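Peer 1: I'd like to ask some things about the structure below.
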Amino acid sequence: LDDVLHAAHVLDKDPTVRCLILTGSPKAFAAGADISEMKTKDFEDTYGSDMFAHWQELSRLQKPLLAAVSGFCLGGGCEVAMMCDMILCSESAKFGQPEINLGIIAGGGGTQRLTRAIGKSKSMYMHLTGEFISAQEAYDSGLVAKVFPDDELMDETLKIAKTIASKGALSVQAAKEAVNAAEELPLQEGLRLERRLF
């Protein structure tokens, strides 16, 4: 993920870039964190190093970041997708937080972001059973914005990115800031922020 973070920071500062897209392969957006790397760490190591804290940088970019998800989007991969401003996916996409199957829990924001996106009951189901949900279930639950046929995902994602890029850069940045703040601020504070940004 370090390479992705570096590229995202470079593109975020480039004035000619107005919208970013993060994608994987047709078979998997990302199947999760590197388990072999985590096997050698104990609780003290992961807790003391705040292991996944740097991942949060993706959610702090100024420019919109779209996740184009095809195939498996699991564990840390699902957490990374949820750090993006919008998730678009193909019909073959599968989302999950299967960490429970390894005797651990999500560590990169899954328990918090998934719950905010789809509600407590569905999030709890996914976290406690380790089961995946389909693209249609993800759409119906509000996790993803749009579902496209597999062979149209990237073309449709590029169209959406071009639409966003055609809007005023400051208004896009302000809208992104206000919408993201809605997940963290009480309503009256969020309304105050919106009025200030308007």
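Peer 1: I'm trying to understand the selection: among the residues of segment 66-118, which are open to solvent by 10 Å² or more (accessible area, probe 1.4 Å), assigned to a strand (DSSP E or B) and touching a Leu at 6+ places or on another chain (Cβ under 6 Å)?
Peer 2: The answer is Met86, and nothing else.
Peer 1: Report yes if Arg60 is open to solvent by 10 Å² or more (accessible area, probe 1.4 Å), closer than 24 Å to Pro15 by Cα and within 13 Å of the chain's Cα centre (by Cα), otherwise no. Step through it out loud before you land on a result.
Peer 2: Numbers: open to solvent by 10 Å² or more (accessible area, probe 1.4 Å): yes; closer than 24 Å to Pro15 by Cα: yes; within 13 Å of the chain's Cα centre (by Cα): yes.
The answer is yes for Arg60.
Peer 1: Pairs needed: first member in segment 148-168, within 15 Å of Gly24 (Cα to Cα); second member anywhere, of a type in the set (S, T, N, Q); C-beta distance under 6 Å; at least 6 residues apart or different chains.
Peer 2: Asp150/Ser90; Asp150/Ser92; Leu153/Ser70; Leu153/Ser90
Peer 1: Residue by residue through segment 119-160, note down the ones that are hydrophobic (A, V, I, L, M, F, W, C) and open to solvent by 90 Å² or more (accessible area, probe 1.4 Å). Give the derivation first.
Peer 2: Taking segment 119-160 as the starting set, the residues that turn out to be hydrophobic (A, V, I, L, M, F, W, C) are 124, 126, 128, 132-133, 135, 138, 143-145, 147-148, 153-154, 158, 160.
Correct list: Leu128 only.
Peer 1: Can I ask one more? Residue by residue through segment 111-155, note down the ones that are on the phi < 0 side of the Ramachandran plot and of a type in the set (Gly, Ala, Ser). Explain how you work it out, then say what you get.
Peer 2: To start, the set of residues in segment 111-155 that are on the phi < 0 side of the Ramachandran plot comprises 111-118, 120-129, 131-141, 143-155.
Scanning segment 111-155 gives Ala117, Ser121, Ser123, Ser134, Ala135, Ala138, Ser141, Ala145.
Peer 1: Given (1) within 17 Å of the chain's Cα centre (by Cα); (2) assigned to a loop (DSSP other than H, G, I, E, B); (3) at pLDDT 95 or above, identify the lone condition not met by Phe29.
Peer 2: (2) is the only condition that Phe29 fails.
The values are calculated or read from the model by the stated rules, or taken from the named source; none is laboratory data. Keep in mind it's a predicted model, so treat the numbers as computed, not measured. Note that we place each Cβ from the backbone using ideal geometry, even for glycine, and neighbour counts take in every protein chain shown. The area values use the complete protein model at the heavy-atom level, side chains included, leaving out ligands, DNA and RNA. Shrake-Rupley method; radii C 1.70, N 1.55, O 1.52, S 1.80 Å.
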